[in-house]
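All remarks here apply to the structure that follows.
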Amino acid sequence: MCAGPGGKAALLAGLAREAGTWLLAGEAQEHRARLVAEALAAYPDGHQVITADGTRPAWGRSFARVMVDVPCSGLGALRRRPDSRWRRDPSAVTALGDLQRALLRTAIASTVPGGVVAYVTCSPHRAETTDIVDAVLADTAG
C-alpha cells in the first residue's frame with residue numbers, strides 16, 4: 001500500500017519472484033501508480049499495480065505479507081534536505097495521524113492470521129511511528 005514511486009515495490013517484486021510468489025502494489029494516485037509500473041518494468045510478470053485508496057481496499061483478498069509505506073511529515077528526510085526544516089510545521093506530525101491509523105488498520109485487516117504487517121514511514125517522530133502502531137494495536141486487540 002502507498003507504493004509510489006516504486007523503489008521499495010521493485011525490491012519486493014524481485015524478492016517475491018525469488019520466493020516463487022507475486023506482488024500486488026497499490027497506490028492511491030494514478031500518476032504515482034504509473035511510476036510504480038515503470039519501476040517494475042524490469043519484472044515482466046509476477047506483479048500487478050493497481051490504483052486504490054488504501055483506506056478502502058479494492059483487492060478483496062488477504063495476504064501473507066503487507067507493507068504500508070504511509071504518508072508522513074517528511075522529518076526523516078531532513079538530513080538529505082536540510083532546507084526543508086523551514087517549511088515544516090509541527091501540526092504536520094499530527095495532521096496525518098488519522099490517515100496513518102486508517103492505512104495501518106487496512107493493512108492489518110488485509111493480512112491473513114499469522115501474517116506479517118510492515119508499517120513504514122521515513123519519520124523518526126513517535127507520533128508517526130510507535131504511537132500510531134500502539135493506538136491501532138490497542139483498537140484491534142479489544
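The values are calculated or read from the model by the stated rules, or taken from the named source; none is laboratory data. All of these numbers come straight from a predicted model, not from anything done at the bench. Cβ atoms come from the backbone with ideal geometry, glycine included; neighbour counts cover every protein chain shown. We work out accessible area using only protein heavy atoms, side chains counted, and drop any ligands, DNA or RNA first. Shrake-Rupley method; radii C 1.70, N 1.55, O 1.52, S 1.80 Å.
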* Can you list the residues, at least 5 places off or on another chain, whose amide H is less than 5 Å from the amide H of residue 123, using H built in the peptide plane? -> 74, 76
* Asked: Could you state the principal axis extents of the C-alpha atoms in the chain, from the largest down, to the nearest angstrom?
  -> 43, 41, 24
* Structure fact -> In vacuo Debye sum over C-alpha of the stretch 1-68, base-10 log of normalised intensity I(q)/I(0) at q = 0.23, 0.26 Å⁻¹, listed in q order, is -0.95, -1.19
* Calculate how steeply helix 30-39 sits against the longest principal axis of the alpha-carbon atoms of the chain, using the helix alpha-carbon long axis, and give the answer as 0 to 90 degrees to the nearest 10. => 60
* Give, as a single signed number, the net charge of other residues whose beta carbon lies under 13 Å from the beta carbon of residue 137, with Lys and Arg counted +1 and Asp and Glu -1. => -1
* Structure fact -> Long-range amide H partners of residue 25, meaning residues 5 or more apart or on another chain whose placed amide H is closer than 5 Å, are 48, 49, 50
* To do: May I ask for the angle, rounded to the nearest 10°, between helix 97-109 and the longest principal axis of the chain, with both axes built from Cα atoms and the value confined to 0 to 90°?
  => 30
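Heavy atoms only, 1.4 Å probe, whole protein assembly: order 35, 137, 104 by accessible area, highest first. If you can, show how the numbers build up before the last one.
Details: 35 70, 137 90, 104 10 Å².
From most exposed to least exposed: 137, 35, 104.
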